[in-house]
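What follows is calculated from the coordinates using simple rules that are stated; it is not laboratory data. Model, not experiment: these values are computed from the prediction. Here the Cβ positions follow ideal geometry from the backbone for every residue, glycine too, while neighbour counts run over all protein chains shown.
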Amino acid sequence: MNILLLSHGFLPGHKEATKITITEFKRQLVEEGHNVVLIAERSISETIKKVKKVQEELGAEFDIVHGFSAAPIIVMKTMLVKKNTSPKAKTIHTLKSYSKNLFGGLGTSFLLNMVDVVTVSTEIFRKRLIHRGCLPSKIKVIRSHIDLRKFLPLDKNILKHNYGLSGKIVLYYGSLHENKGPQFLAEAMDGVDATLLLAPRHKVSEEFQELLDESVIVITEDIDVTEYVNMADVLVLPYKNMKGTEGNPSCLLEAMACKTPVITSDLPELLEIVSPEKDVLMTSPGDVTHLRRQIQRVLTDTELKTKMVTNSFEKTKEFDVRKVTKGFLSVYES
């Protein structure tokens, strides 16, 4: 098949989860034997120009036009590209997360109903769209993915030695947006006998810097995510809510694949894919006291840690990019 993947632009740099996951998905589709083109462009007119140019080079139209976004309104781009370049193509639109833009999801159910299939990563998201007027037959739940060939367990002690670190390490990486809850983690570390290692996507603001004490290590350059996740004794993802975050967060899945324990929030989307006390530890969003206790538990209870990483490692097989890609291919071909 000739498959066109559309993203509404990527953020600068190499740390953006959307860029990484869509690029991995493209690579897997190519491995499956398909001709795949990825265009990340905000302008609809520029996107259409680029698609037409690619089609001239291919000498054929696309069989599939597959858009990705957080805001449902971006489905307009998917439909306009189809209309103006590949009118016979099947259209799929994947909503990667809840939109942080208030206007991004208002009154867009009629637009989502125009595409052939809408995919989301959780049943909760599916039910929310149906409640807003989307046709149940249009919406499919397909989990987000990680590349299990890349994220593998490594020796923590060797990595700590290589990086010149010692003692227990609590890791947080990704965006420092308040919805992600890093402010809760900074406060919870008071009294915890461990080093907090922060690897933010962007520069740390002065306001957030004031929450950190001198013992916190902030890594501003690009990191080898696999090594840092493996080096950590626990990854903490204290989400305030899931706005702007995939229902199956990449950071969560990457840590599980590396057999690194995870503490996260007991939000419904996360409870759909992991079980508290079995796969991960959980806290209520913003409950700093309980978050501190959970960090101390996982750092001191070896039996608990072993149980969680064994269970969560097994669960990551559901999110392997090879399995998820086959799920999308079945949608393309149906």
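Quick notes
- Computed E for residue 222/residue 158 - FRET, C-beta separation, R0 25 angstrom, nearest 0.05: 0.75
- Annotation: amide H-H contacts under 5 Å for residue 280 (H modelled 1.01 Å from N, sequence separation of 5 or more, or interchain): 275.
- Straight-line reach from residue 26: taking Cα to Cα under 17 Å and skipping same-chain neighbours fewer than 8 places apart, the aspartates and glutamates in range are 16, 41, 63, 147, 320, 333.
- Total lysine pairs in segment 156-318 at Cα distances under 21 Å, for residues eight or more apart or on different chains: 28.
- If the convex hull is drawn through the Cα atoms of segment 14-76, its volume per residue in Å³: 110
- Overall, the chain carries a charge dipole of about 1400 debye about its Cα centre when +1 sits on the Cβ of Lys and Arg and -1 on the Cβ of Asp and Glu, all other atoms neutral.
- Here the contact order of the chain, divided by its residue count and restricted to Cα pairs under 8 Å and six or more residues apart, works out to 16 percent.
- At R0 = 25 Å, FRET efficiency that the Cβ-Cβ distance of residue 214 and residue 289 yields, to 0.05: 0.60
- Remark on segment 76-232: ratio of C-alpha radius of gyration to 2.2 N^0.38 Å is 1.41.
- Projected area averaged over orientations for segment 212-306, convex hull of C-alpha atoms, nm²: 6.7
- Entry note: the chain has Rg to Rh equal to 0.99, where both radii use alpha-carbon atoms and Rh is the Kirkwood radius.
- Between the amide H of residue 40 and those of 7, distances stay under 5 Å, these residues lying 5 or more places away or on another chain, with hydrogens modeled in the peptide plane.
- Beyond 28 Å, the tail of the calculated P(r) for segment 2-142 holds 14 percent of the Cα pairs.
- The chain: angle of helix 302-315 to the longest principal axis, Cα-based, in degrees nearest 10: 10
- Stretching the chain fully between residue 114 and residue 306 yields a gain of 64.4 nm (0.36 nm per residue, less the alpha carbon separation).
- Residue-by-residue Karplus 3J(HN,Hα) for segment 176-191, coefficients 6.51, -1.76, 1.60, Hz, glycine and proline x: 9, 4, 4, 5, 7, x, x, 5, 5, 5, 4, 6, 5, 6, 4, x
- Highest mean packing first, where packing is the average number of other Cβ atoms within 10 Å per residue, the peptides 157-170, 251-264, 208-221, 110-123 line up as 251-264, 110-123, 157-170, 208-221.
- Between helix 321-333 and the chain: long-axis angle, C-alpha atoms, 0 to 90°, nearest 10: 20
- Between the amide H of residue 173 and those of 199, distances stay under 5 Å, these residues lying 5 or more places away or on another chain, with hydrogens modeled in the peptide plane.
- Solvent-free Debye scattering, log10 I(q)/I(0), computed from the Cα coordinates of segment 87-173 at q = 0.12, 0.15, 0.25 Å⁻¹: -0.57, -0.69, -1.29
- Most to least packed among 285-291, 189-195 [average Cβ atoms within 10 Å]: 285-291, 189-195
- For segment 187-244, radius of gyration divided by Kirkwood radius, i.e. Rg to Rh on alpha-carbons: 0.94
- Kirkwood estimate for segment 156-318, i.e. one over the average of 1/r between Cα atoms, Å: 15.6
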